[in-house]
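A.B. asks: Below is the structure I would like to discuss, written out as structure tokens.
The values are calculated or read from the model by the stated rules, or taken from the named source; none is laboratory data. This structure is a prediction, so every number in the text was calculated from the model and none was measured. Note that each Cβ is placed from the backbone with ideal geometry, even for glycine, and that neighbours are counted across all protein chains shown.
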Amino acid sequence: MISIDAEWGLVMRVENTPRYPYAITLGAMQNNNELIFEIGRHIAQDCRAAGIHWNLAPVVDINSNPNNPVIGYRSFGSDKFQVAEKAMAFVKGTQSEGILTSIKHFPGHGDTATDSHLGLPLIDKSKKELVLNELYPFQKLIDEDVDSVMAGHLSVPALANGKTISSSISKEIIKGVLRKEMGFEGVVISDALNMHAVSKNHPVKGELEWLSFDAGNDVLCFAEHTKEGIEAILKNASEAQIEESFKRVWKLKEKAMNNIENAPTRLSNTEELNRKIATASLTLLKGLESDIAGFRNTNYCTLTLKRFDQNQNKSEIKKGLELTKSEVENEKNILLLVTPPQIKPVNYFGFLKNEINFVNELVQTKNVVLYLFGNPYMMNHINFERTTATVVVYQNFKVFQDIATEHFLGNISAKGKLPVHIKPWAFNKKNG
């Protein structure tokens, strides 16, 4: 049984394969769950074509922390109802092609500012808060018999009797909360055991593998010490404990293997589906369609802020920025197209502080219409309220760029809604 992380397609792990939009883009669509179903179905078809049975997706974390370094764009948004609903559509689409799914990262990785690949995030909330928010999408999908749940590397003391142990090796969280309280009877798979949130705390080979299994994980993802892990489990586990996990995994395998007939021989063509999503997700964050129409009639210039050369060093970027400043110095109306160098929030999404300052100088001194081709949390760093209009496009695929052009020309309107909360710029500026 072969698994993969294919949240936005096989391309998440395999280069030169079909690419679909991030979950945050899907989160912007309103009343378009049939398109999310189609995303799940298309990705599942690609999995079948590649001989993969189990997609470790979707993410059902509620993204409520704009500084989250690892979830952010992978979440459907900050509204628990929308997250549950859209995740369900993705799961149903995946199931329609006979591919298994896994909801993650239990009990909820959305409200953290620590990357669990590097350290152990702490979620210091009451159990009541967690049940009402973080656990809500998990419970909704568990009630619909989801195939598997991935246990994340998070410290959630309120669910672990006050312990700061990682949820992925906590009996209280997996066997107690997930199994007994939430009623999940399927397979539990750990998040990758090579992640530093847990791996650096267990240097003895086989120890982490045993703790993970003993906590209630049936499948150990990315175990670094397989041989020693098996030995530790055989030494410490009861026969009944092993048999119980075996039966759950075997049942999952039977389900997977019953659906491998007549697999597609080609990977999907994404163009048409991605065009529909680009159109449905486009979000007018500031201003009106009429404001953009009026701007089109001005003598505007177009300015693109992106990395055309990924190997540029800081001094080269700063030189180019000074040249750009001089070129637009006497312009009054600017169509500003911003593509952040990276999707994650660290270091201003890959921009230099000089570039952020330049954008904010433009929006405060010029008549600017801004199109953002990237993570909407980028708007936390830009005083977009001072623009004539701001449009969030979410992705920088060519088809999304084409749709943005159609919108600017007035041929289509923006129907999407921001799926996350952006804080007032004045507050962000004050707090650095």
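A.B. asks: Can you confirm whether I334 is surrounded by 13 or more Cβ atoms within 10 Å (Cβ to Cβ), closer than 24 Å to G350 by Cα and in contact with a Cys (Cβ under 9 Å, 6 or more places away or on another chain)? First the steps, then the outcome.
C.D. replies: On the way: surrounded by 13 or more Cβ atoms within 10 Å (Cβ to Cβ): yes; closer than 24 Å to G350 by Cα: yes; in contact with a Cys (Cβ under 9 Å, 6 or more places away or on another chain): yes.
Taking the combined requirement at face value, the residue satisfies it.
A.B. asks: Then there's this: Across segment 100-129, which residue is surrounded by the most Cβ atoms within 10 Å (Cβ to Cβ) among those that are hydrophobic (A, V, I, L, M, F, W, C) and modelled with pLDDT under 95? I'd like the intermediate steps shown before the answer.
C.D. replies: Going residue by residue through segment 100-129, those that are hydrophobic (A, V, I, L, M, F, W, C) are 100, 103, 106, 113, 118, 120, 122-123.
Still in the running and modelled with pLDDT under 95: 113, 118, 120, 122-123.
Values: A113: 13, L118: 13, L120: 21, L122: 14, I123: 23.
Among those residues, the one meeting the criterion is I123.
A.B. asks: Going by the conditions given, is N161 touching a strand residue (DSSP E or B) at 6+ places or on another chain (Cβ under 9 Å), polar (S, T, N, Q) and either assigned to a loop (DSSP other than H, G, I, E, B) or outside the structural domain of K227 (by TED's automatic domain parsing) (or both)? Spell out how you get there, then give the answer.
C.D. replies: On the way: touching a strand residue (DSSP E or B) at 6+ places or on another chain (Cβ under 9 Å): no; polar (S, T, N, Q): yes; either assigned to a loop (DSSP other than H, G, I, E, B) or outside the structural domain of K227 (by TED's automatic domain parsing) (or both): yes.
No: the conditions fail for N161.
A.B. asks: I would also like to ask the following. Scan segment 411-432 and report the pairs whose first residue is polar (S, T, N, Q) and at pLDDT 80 or above and whose second residue is surrounded by 17 or more Cβ atoms within 10 Å (Cβ to Cβ) and not in a loop (DSSP other than H, G, I, E, B), with Cβ atoms within less than 9 Å and a gap of 6+ or a chain change.
C.D. replies: Between residues of segment 411-432 that are polar (S, T, N, Q) and at pLDDT 80 or above and residues that are surrounded by 17 or more Cβ atoms within 10 Å (Cβ to Cβ) and not in a loop (DSSP other than H, G, I, E, B), the close pairs are S413/L284; S413/H407.
A.B. asks: Show the residue pairs meeting these rules: Cβ distance below 8 Å; 6+ apart or different chains; first residue within segment 280-305 and on the phi > 0 side of the Ramachandran plot; second residue assigned to a strand (DSSP E or B) and surrounded by 13 or more Cβ atoms within 10 Å (Cβ to Cβ).
C.D. replies: Short answer, once both residue conditions are applied: G287/V369; G287/A389; G287/T390.
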